[in-house]
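Below is one structure, written out as structure tokens, with a few remarks after it.
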Amino acid sequence: MDEQDIPIDIHTGKLLEWLVSRRVVGKEWHKAIPDIRNKINNAIRDMPAHEELVKLLSGAHINYFHCLRIVEILKMTEADTKNVFGRYGSQRMKDWQDIVRSYERDSVYLAEAAQILVRNITFEIPSVKKQIAKFEQLSEEATKKSKDMVKSQNAIRAEFNALCQQLGIKGEKIRVELKEKLSELPRMYGEIAEKMSALDKAVNLYGQYCQNKNCLEIIRHVTTHGNTTVYEFLYSEAPLSVEEAPVDFGEEESVPEVSQEIDFGDAGDAAATIDFGEGEITLQTGDDIDWGEAGDAAAAEAEEINFDISLEESGIVVEGGGQSGGVARGDEALSILDAPKYRDQFIGELMELEAFLKMRLYELTTATESSMISMTFLDEIAGQDTNTIQQMIVNVEVILANAMQPQLQYLHQVKHSPRYIDVLAAKVKQKLTAIDKLKEGENLCKEKSVKYLQQAADLRPDLTKAISHTKSLQHQIESDISKRYKNRHVNLMGGVNTI
């Protein structure tokens with residue numbers, strides 16, 4: 001094989017060492033670079049207006065190959081300064097020709113080009129790529145975060161809607177809507193009371209089991225008389241009037257100031273003096289006061305008290321004992337299902353009845369000898385089949401569910417706990433505040449995502465330009481080395497094509 005056909009393979013990372021080791025460039029090549037850079041900086045200040053020159057000088061780091069192209073352009077722009085001997089009288093041309101000669105001395109240009117190539121491949125281009133990748137990653141993360149915030153908003157909004165639905169309000173003016181909603185409490189209690197008749201059989205069965213007809217007294221009373229006042233439940237008669245205390249929501253009201261001074265009328269000496277009439281009071285002659293006729297005669301004529309007169313004859317009316325004709329005030333003015341104490345007792349009785357029925361159903365469906373012996377007396381009661389018991393359980397569960405429904409519990413708390421309306425309103429507003437904050441965060445993340453994408457897009461032209469310049473520089477270096485070795489093919493391994 002001919003020597004010219006053998007390629008020269010050089011690893012790009014060791015290109016500069018390869019050039020020094022083969023004495024293509026000197027070891028002290030870097031000492032000449034500062035002087036050359038100063039000449040380039042001075043020459044750039046005075047350049048002709050040329051489109052290619054502007055594009056060339058605004059590009060990457062100016063090296064020897066750029067200087068050669070600048071000289072070629074100046075040959076056209078400075079053609080009128082050329083003399084008969086072929087030399088240019090233009091100072092611009094002289095400056096750039098001097099720069100080219102300085103580069104060519106000891107092949108300094110090749111060492112600098114190799115250094116620029118290695119730096120671009122090792123640091124510059126990967127750095128720009130990492131920045132682009134980082135901005136794209138940040139954009140993706142911001143987009144994902146904004147989507148997560150949208151999901152969180154939807155979840156919180158669903159919770160908000162569910163809470164408003166439970167409260168039966170729109171959620172626009174929370175306190176006002178809750179106060180207005182309190183008017184529906186009597187209707188809700190009335191619906192529960194209407195369904196209580198379905199528990200008659202279950203209550204009677206439990207009463208026979210307990211051998212106490214007065215058990216479950218709240219349930220029995222509501223079933224028989226409805227949702228009456230606590231007063232009627234306690235005293236077995238309706239009150240003459242009901243004075244229910246107004247609901248206090250903790251709002252302060254302005255009270256007019258009342259003067260604490262007593263007004264005695266117009267001041268004056270005349271008003272302060274009591275007029276007893278003219279003259280002085282004189283007693284009759286004698287040391288004793290004349291009380292009329294002698295006391296003995298008056299005492300003799302006095303009638304004795306007759307204790308045998310009846311109450312009807314005397315005209316005295318004695319009111320009946322107990323609470324008849326009374327006024328229901330305070331907790332006694334509340335309905336049974338509304339008064340906290342009796343409401344809790346009512347719910348407790350429902351749970352007690354439900355537990356009894358479930359136990360009875362269990363004993364009927366999994367009857368063993370021991371359980372049948374213990375419940376033999378219940379078997380004598382009619383209607384003790386499993387279907388009947390199951391229906392009784394369903395009836396109890398329906399009423400218990402109505403009594404424990406969230407809207408009713410919320411409104412009951414609002415009515416009997418003045419501060420609870422603030423807690424409830426704060427809970428609803430907290431969800432709205434969280435939605436607003438998430439919305440702001442979503443918009444911010446979207447803005448960041450667009451911003452990062454734009455920054456990545458701004459870097460891509462720089463990356464393209466850097467790769468293009470590096471490829472051109474690599475090709476120029478390969479060509480220059482090839483000329484030095486009888487035009488053998490030079491291959492820079494690990495070059496820009498592998499990036």
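Table: residues versus (1) closer than 30 Å to residue 460 by Cβ; (2) in contact with a helix residue (DSSP H, G or I) (Cβ under 7 Å, 6 or more places away or on another chain); (3) touching a residue at least 12 places away in the same chain (Cβ under 8 Å); (4) open to solvent by less than 50 Å² (accessible area, probe 1.4 Å).
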{"position": "135", "(1), (2), (3), (4)": "yes, yes, yes, yes"}
{"position": "151", "(1), (2), (3), (4)": "no, no, no, no"}
{"position": "170", "(1), (2), (3), (4)": "no, yes, no, no"}
{"position": "188", "(1), (2), (3), (4)": "no, yes, yes, yes"}
Counting only helices (runs of 4 or more DSSP H) entirely within region 8-66, those with at least 1 residues that are of a type in the set (Phe, Trp, Tyr) are 15-21
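Yes/no per residue for (1) at pLDDT 90 or above; (2) open to solvent by less than 50 Å² (accessible area, probe 1.4 Å):
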residue: 55; (1), (2): no, no
residue: 72; (1), (2): no, no
residue: 99; (1), (2): yes, yes
residue: 107; (1), (2): yes, yes
residue: 119; (1), (2): yes, no
Inset, instruction - Would you check if there is a residue in region 419-439 being touching a residue at least 60 places away in the same chain (Cβ under 8 Å), closer than 30 Å to residue 162 by Cα and either assigned to a loop (DSSP other than H, G, I, E, B) or hydroxyl-bearing (Ser, Thr, Tyr) (or both)? - result: yes
- prompt: If we scan region 33-45, do we find a residue that is surrounded by 12 or more Cβ atoms within 10 Å (Cβ to Cβ), polar (S, T, N, Q) and modelled with pLDDT of 80 or more?
  reply: no
Quick count over region 468-496, residues being open to solvent by 80 Å² or more (accessible area, probe 1.4 Å) and assigned to a loop (DSSP other than H, G, I, E, B), is 3
Does residue 334 fit the bill of being open to solvent by less than 50 Å² (accessible area, probe 1.4 Å), modelled with pLDDT of 80 or more and closer than 28 Å to residue 210 by Cα?
no
Output for Cβ contacts, cut-off 8 Å, separation at least six or different chains, first residue modelled with pLDDT of 90 or more in region 456-472, second among the small types (Gly, Ala, Ser) and assigned to a helix (DSSP H, G or I), reads 456/139
message: Taking the conditions exactly as written (assigned to a helix (DSSP H, G or I) and either over 20 Å from residue 335 (Cα atoms) or open to solvent by less than 60 Å² (accessible area, probe 1.4 Å) (or both)), does residue 192 satisfy them or not?
response: yes
Given (1) modelled with pLDDT under 90; (2) at negative phi, residue 355 misses just (1)
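The values are calculated or read from the model by the stated rules, or taken from the named source; none is laboratory data. Note that the structure is predicted; figures quoted are calculated from it, not measured. Glycine gets a Cβ as well: all are built from the backbone with ideal geometry, and neighbour counts include every protein chain shown. Heavy atoms of the whole protein, side chains included, go into the accessibility calculation; ligands, DNA and RNA do not. Shrake-Rupley method; radii C 1.70, N 1.55, O 1.52, S 1.80 Å.
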